[in-house]
Amino acid sequence: MPEFDAVVVGSGPNGLTGALELAESGRRVLLLEAAATFGGGLRSSSELTLPGFTHDLCATVIATALASPALRDRLPGLGVEPVHPEIPAAHPLDDGPAVLFHRSAERTAAGLGRDGAAYLATVGATARAGFPLVDTLLAPLGVPRAPLALVRYGLAGALPATTAAHLLFREPRARAALAGMAAHSMLDLRSPISAGYGVMLAATAHLVGWPVVRGGSQVMADAMVARLRELGGEAVAGHRVTALKELPDAETILLNVTPRRFAEMADLPESYARRMRRFRYGPGVFKVDWALGGPVPWRDPAVAAAGTVHLGGTLEEIAASERAAVRGRVGERPYVLLVQPPDPSRAPEGKRTLWAYCHVPHGYDGDMTDAIEAQIERFAPGFRDVVLARHVMGPRALEDHDANYVGGDIGGGAADLRQFVARPVLSHRPWRTPLEGVYLCSSSTPPGAGVHGMGGLMAARCALSRAGVRSSLRM
């Protein structure tokens, strides 16, 4: 018998979830991570800016973790404490109060005036459909658990965000708010299904909230590694795998790597290898972390209570910014996604941590710091006066941090309709590969980006099903 039943390469959310799923089903698991610390996108650092400030290197908001069937039942037993902001998200505007996404869909709709009813009929209905619809969307190749809700969601969700915004809403406020949500997809907002990302993300604010992990996202990764070890698994950091032949013999191998990396690691059939090499990556990200001497001086004081803030103004501005990034350009006024963690443990008393990023062309090597800070100043005059220190990471630095962020693409590949259907290949079980017992589980597999662990769960279930073992988790 081999020393290990399964080997998992890569300790991002998907690799960690896959390792736990296998271990909880009685498999002896070895987890290997190239970096010095576990977590992938769930890493935190106290060395980015100033002593006493803890910054998340990538993922901060864990809404999809709380909604996901792969993680929502696991997290409470791991001791991971979500910290909720008073308001999940806000969208400031130049000519009026910010749009506020409250935990209550009804309260959110009340702030949208005559578009409130349409908001409740779309985003509100998606939130009311609850976990059965979430489970259906996060496991898109399975049997729908909420078929009627899925049809209702798809009527708007299949549309481009620009089209849906004009069909659903009459006022610029609601249209801008939908665009801010849809821009998380890193798509041209004129692309099909971009509206679906916006509707579902907004719905999670009402269903589970948009919290952060107390102490930093690293706490969640470390808790998952600790649980794996409790189950008899082993986890080794600082161990880079360059080829499959370097791995110990095991019945199952889960790879939390991108398709192109897989093609480099393994001797694949040429037709499959060609598809791996042709996998398309999306725009990159330029990220700035700040240590602040106090809160951000928002022009609209209500924005201070929001955990996530979308900065970009109108639908038209945001759509132009996202279209530019997809087409290889940058604009002076980029859409900026900003997070002000509602967690006092991350900074000395009276001070704050803050991060923001904008989307840039794939592999972009310029500096967007001034453009990002100008967008913040637009809605928070005097912001630069509270900055104590900053740390920047462009696409190249992000890829150095995590090899899966190819060209700065933190989503694991373009999330357009084509790669929503064929991610990374057209198959009813795209986690399987032509190699016996080898599975892909990164965000380059369905359902794509996010701290939901579903790629790892589904890859592990494919392996367990092949071995005739029932999964430990039910959806």
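The values are calculated or read from the model by the stated rules, or taken from the named source; none is laboratory data. Predicted model, so just to flag it, every value in this text is computed and none were measured. When we count neighbours, we look across all protein chains shown, and the Cβ atoms used for this are built from the backbone with ideal geometry, even at glycine. Surface areas here come from the heavy atoms of the whole protein model, side chains and all, with no ligands, DNA or RNA. Shrake-Rupley method; radii C 1.70, N 1.55, O 1.52, S 1.80 Å.
A few remarks follow.
- The one condition in (1) charged (D, E, K, R); (2) open to solvent by 40 Å² or more (accessible area, probe 1.4 Å); (3) over 21 Å from residue 41 (Cβ atoms) that residue 378 fails to fulfil: (2)
- Here the condition is being over 30 Å from residue 362 (Cα atoms) and open to solvent by 10 Å² or more (accessible area, probe 1.4 Å); of 140, 160, 144, it holds for 144 alone.
- The residues in the range 325-350 that are touching a Gly at 6+ places or on another chain (Cβ under 6 Å) and open to solvent by 60 Å² or more (accessible area, probe 1.4 Å) can be counted, and the count is 1.
- Pick from the range 178-193, criterion within 25 Å of residue 95 (Cβ to Cβ) and in a helix (DSSP H, G or I), ranking: most open to solvent (accessible area, probe 1.4 Å): 184
- Among the residues of the range 296-324, those that are open to solvent by 40 Å² or more (accessible area, probe 1.4 Å) and farther than 19 Å from residue 210 by Cα comprise 297, 299, 301, 314, 316, 317, 320, 323.
- Tallying residues that are closer than 30 Å to residue 47 by Cα and open to solvent by 60 Å² or more (accessible area, probe 1.4 Å) within the range 234-258 yields 4.
- Matching residues, the range 194-214, being in contact with a strand residue (DSSP E or B) (Cβ under 9 Å, 6 or more places away or on another chain) and open to solvent by 30 Å² or more (accessible area, probe 1.4 Å): 201, 214
- Pairs, first in contact (Cβ under 8 Å) with a residue 24 or more places away in the chain in the range 308-336, second of a type in the set (D, E, K, R) and open to solvent by less than 10 Å² (accessible area, probe 1.4 Å), C-beta under 7 Å, six or more apart: 335/322
- Only helices (runs of 4 or more DSSP H) whose full extent lies in the range 109-177 are considered here, and the ones with at least 2 residues that are among the hydroxyl-bearing types (Ser, Thr, Tyr) are 125-138, 161-168.
- On inspection, residue 283 fails the criterion of being closer than 30 Å to residue 324 by Cβ, in contact with a Gly (Cβ under 6 Å, 6 or more places away or on another chain) and open to solvent by 10 Å² or more (accessible area, probe 1.4 Å).
- Index of the failed condition, residue 261 passing every other in (1) buried (at least 17 other Cβ atoms within 10 Å of the Cβ); (2) closer than 30 Å to residue 122 by Cβ; (3) of a type in the set (D, E, K, R): (2)
- Close pairs from the range 136-153: first closer than 26 Å to residue 459 by Cα and of a type outside the set (A, V, I, L, M, F, W, C), partner in a helix (DSSP H, G or I) and open to solvent by less than 30 Å² (accessible area, probe 1.4 Å), Cβ under 7 Å, at least 6 apart: 144/136; 145/135; 145/136
- For the range 1-46, a residue qualifies if it is among the small types (Gly, Ala, Ser), within 14 Å of residue 461 (Cα to Cα) and surrounded by fewer than 24 Cβ atoms within 10 Å (Cβ to Cβ), and the qualifying residues are 25, 26.
- Pairs are defined by a Cβ separation below 6 Å, a sequence spacing of at least 6 or placement on different chains, a first member in the range 419-432 that is under 17 Å from residue 461 (Cβ atoms), and a second member that is among the hydrophobic types (A, V, I, L, M, F, W, C); the pairs so defined are 428/141; 429/462; 431/440; 431/458; 431/459; 431/462; 432/462.
- Some residue of the range 359-366 being assigned to a helix (DSSP H, G or I) and open to solvent by less than 50 Å² (accessible area, probe 1.4 Å): no
- Residue match in the range 376-386 (condition: under 23 Å from the mean Cα position of the chain (by Cα) and at negative phi): yes
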